[in-house]
Amino acid sequence: MRQHVKIRASLMALALSVLTTPSRAFDPPDSEINEVSGNIEIVDAVSVPSGYRIRHIINDGDGEPPAVFFLTPGSFDEGSPRIEVDSNGNTWVTWWRDGQHDEVLVRKKSLSTGIWSDEQVISATNEESRNPEIVDDGVHVWVAYEIIQPTGTIIAVGVINDEPDPFGSHIASTPNTGVVDLMIHHESQQLWVTWIDGASHVGWCERDSTSGEWGTVNLESYASDDVSAARQRIKALLLSN
């Protein structure tokens, strides 16, 4: 499962206290501690005259002002940024852009050079794609996202590689047109996704590491407890195999 080292509230407040640009209340910052550099890294969506921009912040914890870099130009409305630091200390950020068609993008910052890559579009141009989640499995970085449709939501996952346009694959669908709360998990060499499939079930799908294919969709009831408990049961089942 994705193991973010989340920043305690006091450290988050310290990192953001010198930055006066407001964040989207419904898009809270995402954060990790870079275990290689030792820095706290944060991404958020901040208000600009044209909408919202994606901001990356580094706090070295030594009392110096945070280093701020804007990942997007500010000519579109952007949201739901997510951050992942891989085992080499490289930083990956994904988000979605409200354009003619909503699209999911990713950028990478090399730890060795400090340079950010150009944007890569993960989603297809004719899809309404939003709410990405990101995880590193030690070999590849994966981005899961939602494709919004009038009758439900398609679950898609893309792997970041050397291709210029690493479009995601459709791995599942749900009739849920509300909050899907998609998550992607990696633990003990297992990679899987979970989502809220409806009023009483969490959907999940696992990638077969041998074949490289995504399996069938399964449902776990949370009628007697809650979504978090259902996700814990799914995790326990997968890690027991």
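Within region 200-223, restricting attention to residues that are out of contact with any Leu (no Cβ under 8 Å at 6 or more places or on another chain) and either acidic (Asp, Glu) or on the phi > 0 side of the Ramachandran plot (or both), the residue that is surrounded by the most Cβ atoms within 10 Å (Cβ to Cβ) is Glu220. Kindly indicate whether any position in region 102-121 is under 18 Å from the mean Cα position of the chain (by Cα), crowded, with 20+ Cβ neighbours inside 10 Å and of a type in the set (Gly, Ala, Ser). So far as region 102-121 goes, no, none of its residues is under 18 Å from the mean Cα position of the chain (by Cα), crowded, with 20+ Cβ neighbours inside 10 Å and of a type in the set (Gly, Ala, Ser). Of all residues in region 52-67, exactly one satisfies the criterion of being modelled with pLDDT of 85 or more and of a type in the set (Gly, Ala, Ser), namely Ala67. Among residues belonging to region 187-202 that are outside any strand (DSSP E or B) and of a type outside the set (Gly, Ala, Ser), point out the one that is farthest from Ser173 (Cα to Cα). Only one residue tops the list, namely Gln189.
Going through Val159, Val180, Val135 one at a time, which residue ends up being outside any loop (DSSP other than H, G, I, E, B) and either touching a residue at least 40 places away in the same chain (Cβ under 8 Å) or buried (at least 23 other Cβ atoms within 10 Å of the Cβ) (or both)? Steps first, please.
Numbers: Val159 fails: either touching a residue at least 40 places away in the same chain (Cβ under 8 Å) or buried (at least 23 other Cβ atoms within 10 Å of the Cβ) (or both); Val180 fails: outside any loop (DSSP other than H, G, I, E, B).
None of the others qualify; the one that does is Val135.
From the list Ser209, Ser221, Ser240, the lone residue that is touching a His at 6+ places or on another chain (Cβ under 9 Å), over 17 Å from Glu133 (Cβ atoms) and without any contact (Cβ under 8 Å) to a residue 40 or more places away in the chain is Ser221.
Could you list, in sequence order, all residues of region 162-176 that are modelled with pLDDT of 95 or more and exposed (fewer than 13 other Cβ atoms within 10 Å of the Cβ)?
To start, the set of residues in region 162-176 that are modelled with pLDDT of 95 or more comprises 170-176.
Hit for region 162-176 is Pro175, nothing else.
Would you mind telling me which numbered condition in (1) under 29 Å from His185 (Cβ atoms); (2) in contact (Cβ under 8 Å) with a residue 24 or more places away in the chain Leu105 fails? Failed condition: (2).
The values are calculated or read from the model by the stated rules, or taken from the named source; none is laboratory data. What you are looking at is a predicted structure, and each value in this text was computed from that prediction instead of being measured. Here Cβ is always computed from backbone atoms with ideal geometry, including for glycine, and neighbour counts include all displayed protein chains.
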